[in-house]
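Below is one structure, written out as structure tokens; comments come after it.
Each value in this text was obtained by applying a stated rule to the coordinates, not by laboratory testing. The structure displayed is predicted, hence computed values, not measured ones. Cβ placement follows ideal geometry from the backbone for every residue including glycine, while neighbour counts extend to all protein chains displayed.
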């Protein structure tokens, strides 16, 4: 192995300055010659060795001695990577060099060298010994580098590595490759070659006969394309973002030192079909909004719904994350959650992507009230919140894909498996199973990055920090919700077409007069009440809707659909009887959609009903007054309902 040795003639860099060992003094000191100006200095052996230990000395490996002028590079990779044939040749050359190294006053003449070479050949049984010139060349390279690696035959470096094609040919090839791949990302070498030939022919028509470009062979084009770096290939075929994603080194991501210091939020559609509680028809794949603690990898909170990702879903998930967890309502017999869910508290920082639901004033206002910083990842860079991205993938691959009714990640992976036919879980049942997996399985397994279980990591974080909560539940409800600004008038406040009025608003009207702008916070899943903040008030006023029979437990989506029906008919949205009638018609429409053969309609009905993880059995309020015979419109035969979904899932668990 090459290295640094205190020998006469050794050249090395000392603090980036080149020195050469000139001679040794009788007292043991070493005379060094500064290479660039010949300055001589004396230094002790101990100082040189100490500076070498500190990394201040580096031995030069090319032209390191005065016994030759060979400066060609030597092989630096591990010798074990050499082919057996090359390793044998290295051992052979080293044997010949060793045979002459011990001879004093050796003269490299054929008369002197041939006996040494013949004896060395006899010792190893070499029937074709090298010439005197070859041995001299090997010996010179070794004395130059002081490393037996210098004897390795470098046949791999023979020939020129530069392209011999005309620069115009290379330019045309680059243009042809970009044009072909822009036309089709699956462009082949033949299509690139055809474009190249066309470009060369066009250029030759404008050149003199003596300046004509010669067409390269197709095989030459193949060789030139092989030189294109993988990054450039992916960039041309899939785009720069895809190339950066596929070929980027996964370095250490963001670091956190305590629980709740960094919390990441994201959505994903679950790869699982759920069924309706009453009709047993598949509703579709629910959307999961997850809130994950970066430090412990524990799930702080979540929200499930059949609606698209929205600010309301983020608010619901954030509310669930902050509040202390209560045991889930047991739905499946013999399925018990054995561990408590210890996660709660207001986060210091919330990391989200650039989804429309995150770029809302409502979320910004909530974070400001809670003292939480809101951070946005760069566009199309999910790696900046990789913890929640990985968590959601784990949920789908290691949980949802193991349940009956899974849709798998790709359609082609299903084969003959029909996920809607095998779906057996309702949202309430899935919520029970999901929390069992989150707390008793995922949280209790050793995390590869953490080295401990997420559950243990959270408990460890509790030693350093106690999670904080709002003053009380009412204070949290006042702060988490959608926000709006409205004018207070003598008839109260109008929001989403609903009138809100209470005696407590009289003080605001007296103080600021009619038309004063107030801040309103409301829950999109219950329009029955709102929170009103006056211009100078430290706490809000809870105000109920005037028509509680209509607004209580009404979701914002249901309200929008009811009022859109009235507007289409040209009926005033302030007509109370018309509102009740439209609400009843909406309930009937939902019933029809629930019994539809199309899964898209059933999912739409579930979203209208407001079925979520917080209200898994939600209904449009007036459904209780409708004719239950609407459910009979289901297209399934009676035989399909002989075995209830609970029993089917229980049998699945036993088989596992």
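Overall shape: oblate for the stretch 334-464, with the ratio a/c of the largest to smallest alpha carbon gyration tensor axis at 1.5 or above and b/c at least equal to a/b. Using alpha carbons only, the radius of gyration of the stretch 503-567 set against its Kirkwood radius gives Rg/Rh = 1.05. Computed from label points 7 Å out along Cα-Cβ, the spacing between residue 223 and residue 87 is 3.1 nm. As a rough footprinting exposure proxy, the listed residues 94, 533, 341 were ranked by other beta carbons within 10 Å of their own, and the order from fewest upward is 94, 533, 341. Cβ-to-Cβ counts within 10 Å put 249, 270, 218 in ascending order as 249, 218, 270, the fewest first.
DSSP beta bridges fully contained in the stretch 263-464 are about 70 percent antiparallel.
Label sites at residue 34 and residue 249, each approximated as a point 7 angstrom past Cα along Cα to Cβ, lie 3.7 nm apart.
Full extension of the chain between residue 186 and residue 509 gives 109.4 nm of extra length, using 0.36 nm per residue less the Cα-Cα distance. For the stretch 167-246, a/c is not less than 1.5, where a ≥ b ≥ c are the root eigenvalues of the C-alpha gyration tensor, and a/b tops b/c. That puts it in the prolate class. If each Cα of the stretch 313-395 is one equal point scatterer, what is log10 of I(q)/I(0) from the Debye formula at q = 0.17 Å⁻¹? These q points yield log10 I(q)/I(0) values of -0.86. From least to most packed, judged by other beta carbons within 10 angstrom and beginning with the fewest, 393, 199, 325 follow the order 393, 325, 199. Once a ≥ b ≥ c are taken as the square roots of the eigenvalues of the Cα gyration tensor of the stretch 11-59, is the result rounded (a/c under 1.5), prolate (a/b larger than b/c) or oblate (a/b not larger than b/c)? Since a/c reaches 1.5 but b/c is at least a/b, the shape of the stretch 11-59 is classed as oblate.
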